[in-house]
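For reference, the structure discussed in these notes is given below.
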Amino acid sequence: MTESVPLDSTSTAAWKQLAGIAEHFEPDLRGWFDADASRASTYTFQAADLTVDLSKSLLTEEILTLLLQLARDADVAGRYQAMIEGEHINVTEDRAVLHTALRRPKDGGGLVPPSEFVVDGEDIDAQVHATLEKVYTFADKVRSGEWVGVTGKRIETVVNIGIGGSDLGPVMVYEALKPYVQAGIQCRFVSNIDPSDIYEKTADLDPETTLFIVASKTFGTLETLTNARLARQWLWERLGASGAIADSEDDRTNAVAKHFVAVSTALDKVAAFGIDPQNAFGFWDWVGGRYSVDSAIGTSVVIAIGPDNWREFLAGFHAIDEHMRSTPLERNVPVLMGLLNVWYTNFLGAQSHAVLPYAQYLHRFPAYLQQLTMESNGKSVRWDGSPVTSDTGEIFWGEPGTNGQHAFYQLIHQGTRLIPADFIAVASPAHPLKDNSGDGHAVKPGQDVHDLFMANFFAQTKALAFGKTADEVRAEGTAESVVPARVFAGNKPTTSILAPALTPGVVGQLIALYEHIVFTEGTIWGIDSFDQWGVELGKQLALQVTPAVAGDPDALASQDSSTKSLIAKYLALRGA
Ligand code: F6P
């Protein structure tokens, strides 16, 4: 059972000792590596296919021992067990948190016999697998061409309309697994209520070969419903213009039936929109939006990569779930990474965290992690409503290497802020292109360009950890006046994550890894990582402001003076 009043981690002896260490902390990665030939192997861990090297972290045995004590004090393992068993650890919404059930195999994955996994009166595993089968059947029909549009043509483009967790997950995974996408099928993703988004994504499409998936957990999100209506309008207009459908209710209804499906927990609202509930895929309120990529929310990706690859993707998540559940804290990678983040955030003053995939296909991973980490852990009260007792949340950001190297790495290397960074790479590239010219920098004729890419991955973490002293700079013959500018202080912490290849399984593992890092941090901080009340006020006010923007004088008059003058300026610029 989880405690209804969270432990105040800051009151523990471990926290106090860590604070004491932090006060006089002088990291010395050069010295630590010199003194301990086994540092790399001591701090390198395996979680499923992921090799995770924490040796370039600002970590000593003493610090690690205290961080692990913190995890024991806060009962990270017990709360994780409570989560996967369906306790209502999302207390502010009084809900179970069961994203781990979305990827549990039919046989219960060693956790519980499937027939016994009943939460709140519902047979979770049966529901999950029934929905998966429905998604797989549908995906196979689209992929094989059995599912056709209103004029009998097969679907070539799937447009997912959703936002937040109903967009960031699918688009990230689609991009990550591009090499697995079936030829002849592409996905596009519309999220922003800025009409430019849907305009650009549909401008060159053929409505006869386009399928829209309206993905919204609540089916009440302003952006998604507005875009869904615009998409329906586009479909009717374009099909009408080419004579594919007549201007009749029946033809319009039929067009929606052939070109729209939905993913939602609110199937009544799906029906009200005009989508046949037969063509709707459900999920459940025990899955948070940002934890839902492996539910039916991923239908667009299942169509693109196929059910077999999707099964492998789910198995990747499950492997990390099992690692999290059954690996002792000392070797438990998500726990260790979460604890390290607590160390940096709460004791060493780090304010942000870079995630740097050395894999172009992971280019949306930082954006995905922004929602996962910041919507989950950006909280000021604990799960009992009391104020937090320490800083919470991490500001996640990043870009793929090597692009980031030529943009913001300067600040990480030589700036004044501490920015822990996760470097993620794979050993085997999807496209083993070779540079055969022989006149590239260090590349041998015929050498894989991926090796050159990876040399950057290794070099950056090395430079960040060990830096370059003034004497080393001088030894290169540098003029004394510029020596300070060319010194690298080092001791910039990094974690290196290396996987064999960017397979569906590895992508699932990476996502689950970060889900459980977020969980670990949230548990130490005593916060509910599964609600998101902070997004509500802006949504409410947008609805309140809309009539003012539409020119209603009373609505305008009721605004504060800044908002009033901004709207007035906007209306003037629009010539209203
Ligand atoms: O506004 C935040 C949020 O509720 C996210 O948590 C969620 O992923 C997103 O909006 C989209 O919500 P829905 O899937 O219900 O449209």
Net charge near residue 435 (other residues with Cβ under 14 Å of its Cβ; Lys, Arg +1; Asp, Glu -1) is -1
DSSP bridge pairs, the chain: antiparallel proportion in percent, nearest 5: 30 percent
In nm, spacing of pseudo-spin labels at residue 251 and residue 489 (7 Å Cα→C-beta vector): 7.0 nm
Phi angles of region 132-140, converted by Karplus (6.51 cos²θ - 1.76 cosθ + 1.60, θ = phi - 60°) into ³J(HN,Hα) in whole Hz with x for Gly and Pro, give 4, 4, 5, 5, 4, 4, 5, 4, 4
Local net charge near residue 157, Cβ-Cβ under 12 Å (Lys/Arg +1, Asp/Glu -1): 0
Explain nothing, just the number: relative contact order of region 196-340, from Cα pairs under 8 Å at least 6 residues apart, as a whole percent. 19 percent
Give me the percent of accessible area attributable to carbon and sulfur for region 134-218, probe 1.4 angstrom. 50 percent
Run the numbers on the chain and let me know its relative contact order in percent, using alpha-carbon pairs under 8 Å that are six or more apart. 19 percent
For region 520-576 and region 276-316, what is the separation of their C-alpha centers, rounded to whole Å? 32 Å
Residues meeting the amide H criterion for residue 495 (H placed from the backbone, H to H distance under 5 Å, 5 or more places apart or on another chain) are 421, 422, 423
Would you grab the residues whose amide H sits under 5 Å from the one on residue 350? Only those 5+ places off in sequence or on another chain, please, with H modelled 1.01 Å from N. 345
What ranking, highest mean first, results for peptides 325-336, 178-189, 502-513, 309-320 when packing means the other Cβ atoms within 10 Å averaged over each residue? 502-513, 309-320, 325-336, 178-189
Could you tell me the relative contact order of region 39-85? Use alpha-carbon pairs under 8 Å, at least six residues apart, and round to a whole percent. 22 percent
Given region 119-307, what percent of its DSSP beta bridges are antiparallel, to the nearest 5? 10 percent
Ratio of Rg to Rh over the chain (Cα coordinates, Kirkwood Rh, two decimals): 1.00
Quantify, in whole percent, the carbon and sulfur part of the accessible surface of region 309-396 (1.4 Å probe; protein heavy atoms only). 50 percent
If I fit a long axis through the Cα atoms of helix 449-466 and take the longest principal axis of the Cα atoms of the chain, what angle between them do I get, 0 to 90°, rounded to 10? 50 degrees
Net charge of Cβ neighbours under 15 Å - reference residue 454; Lys, Arg +1; Asp, Glu -1: -1
Averaged per residue, what accessible area in Å² does the chain show with a 1.4 Å probe, protein chains only? 42 Å²
Please give the helix 61-73 orientation as an angle from the longest Cα principal axis of the chain, in degrees from 0 to 90, rounded to the nearest 10. 40 degrees
Could you sort 191-202, 250-261 so that the peptide with the highest average Cβ count within 10 Å comes first and the rest follow in order? 250-261, 191-202
Once the Cα atoms of helix 504-525 and of the chain are each reduced to a long axis, what angle between those two axes, in degrees from 0 to 90 to the nearest 10, is obtained? 70 degrees
Residue by residue, what Karplus-based ³J(HN,Hα) values in Hz, rounded to whole numbers, does region 299-311 have, using 6.51, -1.76 and 1.60 with θ = phi - 60° and x for Gly and Pro? 3, 4, 6, 4, 4, 5, 9, x, x, 5, 5, 5, 4
Could you pull out every residue, at least 5 positions away or on a different chain, whose amide H is within less than 5 Å of the one on residue 359? Hs are placed 1.01 Å off N in the peptide plane, and Pro or chain starts have none. 401
Whole-Hz ³J(HN,Hα) for each residue in region 473-489, computed from phi via Karplus 6.51 cos²θ - 1.76 cosθ + 1.60 with θ = phi - 60°, x for glycine and proline: what do you get? 5, 4, 4, 8, x, 6, 4, 4, 4, 9, 4, x, 5, 9, 7, 10, 5
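The values are calculated or read from the model by the stated rules, or taken from the named source; none is laboratory data. Since this is a predicted model, take the numbers as computed values, not measurements. Glycine also receives a Cβ, built like all others from the backbone with ideal geometry; neighbour counts cover every protein chain displayed. Heads up: the accessible areas ignore ligands, DNA and RNA and are worked out on the full protein's heavy atoms, side chains in. Shrake-Rupley method; radii C 1.70, N 1.55, O 1.52, S 1.80 Å.
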